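Here's the structure we're looking at; comments come further down.
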Amino acid sequence: MAILGYNSVVCELNEIMTDELKQVQDAADELSLAALLEGVLFVSSGPVSVNRLATTLQITPYRVEQVLQELTAVYETRGLRLQWTGDGVQLTTAPQANEVIERFLGLEMSSRLSQASLEVLAIVAYMQPVTRPQLDQVRGVNSDGALRTLLSKGLVQEMGRMETPGRPILYGTTADFLQHFGLTTLEELPPLAGDEEE
C-alpha cells in the first residue's frame, strides 16, 4: 500500500511539473509572439490591419489585439508607441522624443510651420472634410500657399470632391498629422473654446 501511495504522489508531482512547464512554455511563446509582432510592425511602411497581422502570425485577431495591448503597456516608458489609424496599427516613436529625433535627422529647421500653415492645419483638423474656399472664408485671406505647404509635408491630403457645382476638392488630415502631434485619433484633439462651454 505504501508503494501505491508513493506512485500516486509521483504521478501527481509529474502532472504538476508538466503543468508548470507548459505555463513556462506558454509564457515563452507569448514573448516570442510579441517579438514577432513587433518585428512585423517595425518593417511595415505604414499602418497594418489587425486581420493582416493575425494572418501573418497565424493567430486570431483577438490574440493580436491582446499582444498589442501588452506592447502598448511596455512602450509607455520607452521611446516607441503603437499608433492606431482607423483599423490599422503602426510602430512609431514617442511624441516626447520628436525634438531629439528631428535634431538627429537634421529636420529641426525644415519642420517648422508658419502661422498661416498652423491656422489652416487647425481649420482642416477640426472641420474636415473642408474645401479651400471654406478655409479662405474662415481665415478671411487666401490659403493657397499654406495649403500647398501642408500638402507637401504630408500633413493634409485630398479626400475627394464635394458634390456641388465646380466640384471643389475636399481636404482632411493624414496619419502623419496624427503621428506628428502625438494623437491616435482625431477625437483626441483638444476641444475648441466654444465646445468647452457647452
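The values are calculated or read from the model by the stated rules, or taken from the named source; none is laboratory data. These numbers come from a predicted model, not from an experiment. No Cβ is skipped: glycine too gets one built from the backbone with ideal geometry, and neighbour counts run over all protein chains shown.
In the set (1) out of contact with any Ser or Thr (no Cβ under 6 Å at 6 or more places or on another chain); (2) surrounded by 14 or more Cβ atoms within 10 Å (Cβ to Cβ); (3) closer than 24 Å to T173 by Cβ, the condition left unmet by R63 is number (3).
If I filter the range 183-198 down to residues being in a loop (DSSP other than H, G, I, E, B), more than 25 Å from R148 (Cβ to Cβ) and under 26 Å from the mean Cα position of the chain (by Cα), which single residue comes out as modelled with the lowest pLDDT?
T184
When the range 172-182 is filtered for residues that are at pLDDT below 80 and crowded, with 16+ Cβ neighbours inside 10 Å, the ones remaining, listed by number, are Q179, H180.
For the range 87-110, state whether one or more residues are over 16 Å from the mean Cα position of the chain (by Cα), at pLDDT below 90, polar (S, T, N, Q) and closer than 30 Å to A146 by Cα. Yes, the range 87-110 contains at least one residue that is over 16 Å from the mean Cα position of the chain (by Cα), at pLDDT below 90, polar (S, T, N, Q) and closer than 30 Å to A146 by Cα.
Among residues of the range 39-68 that are free of Cβ contacts under 8 Å to residues at least 60 places away in the same chain, those with a Cβ under 8 angstrom from a residue that is among the hydroxyl-bearing types (S, T, Y), sequence gap 6+ or separate chain, pair up as V40/T56; A54/T60.
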